[in-house]
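Chemist: Below is a structure I'd like to ask you about.
The values are calculated or read from the model by the stated rules, or taken from the named source; none is laboratory data. Given the structure is predicted, the values throughout are model-derived calculations rather than measurements. Here the Cβ positions follow ideal geometry from the backbone for every residue, glycine too, while neighbour counts run over all protein chains shown.
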Amino acid sequence: MLCAGYTKVWDLSGGELVRLDGARGTTLRVTRGTLWITLENDTRDIVLTAGDSYTIDRGGLTLVEAQGAAVVCVMAHYVDAVHHPTPRPPRGGRIGAWCASLRETAGGSRYLPYY
């Protein structure tokens with residue numbers, strides 16, 4: 001198994017956000033996908049791709065966001081993780097937003113594609 005020896009495995013969907021509080025010393029290893037990590041009071045943005053690992057080097061809040069479907073192996077004694085899936089608007093809302101964007105690109109005229 002790709003995560004042998006790790007305490008948790010996260011299977012994240014695109015845009016899913018994980019909040020870690022007080023996770024200093026926690027190691028994250030990406031086996032699939034891409035992660036964006038930001039730490040409280042730190043100007044760095046850390047980006048990990050498949051095969052990369054990172055050990056959180058400070059306390060406080062850490063945010064981990066999947067930039068697409070991702071699998072992450074987590075090694076920690078204690079991690080208070082809160083997952084926030086990105087809500088998708090209802091299908092009708094997405095179609096309406098798409099039509100609105102078409103109207104904007106057509107200079108405000110009432111343009112709809114012809115199939």
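Chemist: Evaluate the stretch 62-71: report whether one residue or more is more than 12 Å from Leu12 (Cβ to Cβ), in the same structural domain as Asp21 (by TED's automatic domain parsing) and either of a type in the set (A, V, I, L, M, F, W, C) or at pLDDT 85 or above (or both). First the steps, then the outcome.
Modeler: Residues of the stretch 62-71 more than 12 Å from Leu12 (Cβ to Cβ): 62-63.
Applying the additional criterion that residues be in the same structural domain as Asp21 (by TED's automatic domain parsing) yields 62-63.
After this cut, where a residue has to be either of a type in the set (A, V, I, L, M, F, W, C) or at pLDDT 85 or above (or both) as well, the list is 62-63.
Scanning the stretch 62-71, I find at least one residue that is more than 12 Å from Leu12 (Cβ to Cβ), in the same structural domain as Asp21 (by TED's automatic domain parsing) and either of a type in the set (A, V, I, L, M, F, W, C) or at pLDDT 85 or above (or both), so the answer is yes.
Chemist: Now for a different question. Need the failing condition index for Arg44 against (1) exposed (fewer than 14 other Cβ atoms within 10 Å of the Cβ); (2) touching a residue at least 40 places away in the same chain (Cβ under 8 Å); (3) among the basic types (Lys, Arg), just the number.
Modeler: (2)
Chemist: Restricting attention to the stretch 8-28, and to residues there that are within 16 Å of Val71 (Cβ to Cβ) and of a type in the set (Asp, Glu), which single residue is farthest from the chain's Cα centre (by Cα)?
Modeler: Per the criteria, the residue is Asp11.
Chemist: Filter the stretch 56-77 for residues that are surrounded by fewer than 16 Cβ atoms within 10 Å (Cβ to Cβ) and within 14 Å of Asp21 (Cα to Cα); which is nearest to the chain's Cα centre (by Cα)?
Modeler: Leu63
Chemist: In addition: Could you look through the stretch 21-47, keep only residues that are part of a strand (DSSP E or B) and at pLDDT below 90, and pick out the one that is nearest to Thr62 (Cα to Cα)?
Modeler: Residues of the stretch 21-47 that are part of a strand (DSSP E or B), as a first pass: 21, 27-32, 34-39, 45-47.
The next check asks that each one be at pLDDT below 90; those that pass are 21, 45.
Details: Asp21: 6, Asp45: 11 Å.
Within the stretch 21-47, the match that is nearest to Thr62 (Cα to Cα) is Asp21.
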